[in-house]
1. Any residue at all in the stretch 206-218 that is out of contact with any strand residue (DSSP E or B) (no Cβ under 8 Å at 6 or more places or on another chain) and in contact (Cβ under 8 Å) with a residue 40 or more places away in the chain?
2. With the structure loaded, tell me whether Phe297 is buried (at least 17 other Cβ atoms within 10 Å of the Cβ), among the aromatic types (Phe, Trp, Tyr), under 20 Å from Val135 (Cβ atoms) and touching a residue at least 12 places away in the same chain (Cβ under 8 Å) or whether it fails that test.
3. When the residues of the stretch 196-251 are filtered to those that are within 17 Å of Tyr156 (Cβ to Cβ) and charged (D, E, K, R), which remaining residue is surrounded by the fewest Cβ atoms within 10 Å (Cβ to Cβ)?
4. For the stretch 8-105, which fully contained strands (runs of 3 or more DSSP E) count at least 1 residues that are surrounded by fewer than 18 Cβ atoms within 10 Å (Cβ to Cβ), at pLDDT 85 or above and aromatic (Phe, Trp, Tyr)?
5. For the stretch 270-282, which residues satisfy the criterion of being outside any strand (DSSP E or B) and of a type in the set (A, V, I, L, M, F, W, C)?
6. Given Pro165, Pro182, which one is over 23 Å from Lys369 (Cα atoms), part of a loop (DSSP other than H, G, I, E, B) and touching a Ser or Thr at 6+ places or on another chain (Cβ under 8 Å)?
7. Answer with yes or no whether Gly123 is surrounded by fewer than 21 Cβ atoms within 10 Å (Cβ to Cβ) and within 27 Å of Arg211 (Cβ to Cβ).
8. Residue by residue through the stretch 262-284, note down the ones that are surrounded by fewer than 19 Cβ atoms within 10 Å (Cβ to Cβ) and not charged (D, E, K, R).
Amino acid sequence: MASNTFGKLFAVTTFGESHGPAIGCVIDGCPPGLAIAPEDFPHDLERRATGRTRHTSARHEADEVEILSGVYEGVTTGTPVALLIRNTDARSKDYANIAAQFRPGHADYTYWQKYGIRDPRGGGRSSARETTMRVAAAVVAKKWLAEKYGVQVRGYLAQIGDVTPRAFDVDNVEWAVVESNPFFWPDATQVAELESYMDALRKSGDSVGARVDVIADGLPPGWGEPIYGKLDGELAAALMSINAVKGVEIGDGFASVAQKGSLHRDEISADGFLSNHAGGILGGISTGQDLRCSTAFKPTSSLRLPVQSLDTAGNVVEVVTTGRHDPCVGIRATPICEAMVALVLMDQALRHRAQCGDVGEVSPRIPAKADPKKPDSGKPDSGKPDSGKR
């Protein structure tokens, strides 16, 4: 299998290349009766898009969604939902000089080895342009999750290079602040600093990596499978499928290595959980707490700084990548990470309903978070990790 389909009951197949005539997706398994219209898509697609600020690639696509099937009189019918977006601002000539070269850090060499051929225009299928359709499909998933369960999936940029938020409380994210700046940054006092940081980086011709955190709240307990379909396992696989991702953490992630078990285990009181080091997942199944995950993006490999490589004939060449590229792909990755989390949750919700829909609510239902103002809500969590994740 070519593995262009994601999900089991809510299955999304994407198609198209960066510089082809169009990109698209087919959503199979979308429940009927969900109101969907073209105007539902622009908000998240614009959040992901390039060309909106000087800190991303200058490519400016219209990203207008055409609904080709699966919707009748404004609602889904239960049949496959096909979505299409025409590419309107591709500049293939920018890649003419590197069509026969392997760009270090890119998928050029691995695609060449796998298929014996590759589309050099903008990276072809390996381009982040493909993620546009993941975001489009997730618009459907987000809407269904919100209407059926009250689930919200939201993310923010938690680190860019060595810069991290200063005045920031992970348990009380100011989402209005996140959405008010081009970095999806949670600390409004640092936006000007980031502007200068990115301007200097862009002028240097270099790039930097980033970390995106996603929080999903409103999940009921019970979603996920106990072994091979673990919720955290599928989240990790989904997030790792995004271009340029090199690491995924659930909850405290690698910070757990240095923690004592007496800290990491999330104590339970009569009023609810006292902490959330596990990120809202135990044994591969949701606890009803906020789901928390982090995704690490590598620095962009498309640079105008020269680097040694080989061409398709095995000759040593100097590669200089021209064209329009992001100095930090993580800046516009927040809606992409949100999309993959939402698609996983949508699929897991349908799978849970299919197998365990008759189980109903099981007692006791532990509140997601104990009220810290209550004197009997348990002892305070005294060992919050330095990373700010809980």
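The values are calculated or read from the model by the stated rules, or taken from the named source; none is laboratory data. Note that this is a predicted model, so its numbers are computed, not measured. Virtual Cβ from ideal backbone geometry, glycine too; neighbours counted across all protein chains shown.
1. Yes, some residue in the stretch 206-218 is out of contact with any strand residue (DSSP E or B) (no Cβ under 8 Å at 6 or more places or on another chain) and in contact (Cβ under 8 Å) with a residue 40 or more places away in the chain.
2. For Phe297, the condition - buried (at least 17 other Cβ atoms within 10 Å of the Cβ), among the aromatic types (Phe, Trp, Tyr), under 20 Å from Val135 (Cβ atoms) and touching a residue at least 12 places away in the same chain (Cβ under 8 Å) - is met.
3. Asp217
4. 11-16
5. Within the stretch 270-282, Ala270, Leu274, Ala278 qualify.
6. Details: Pro165 fails: touching a Ser or Thr at 6+ places or on another chain (Cβ under 8 Å).
The unique qualifying residue is Pro182.
7. no
8. Ser262, Leu263, His264, Ile268, Ser269, Ala270, Gly272, Leu274, Leu282, Gly283, Gly284 - these are the residues of the stretch 262-284 that are surrounded by fewer than 19 Cβ atoms within 10 Å (Cβ to Cβ) and not charged (D, E, K, R).
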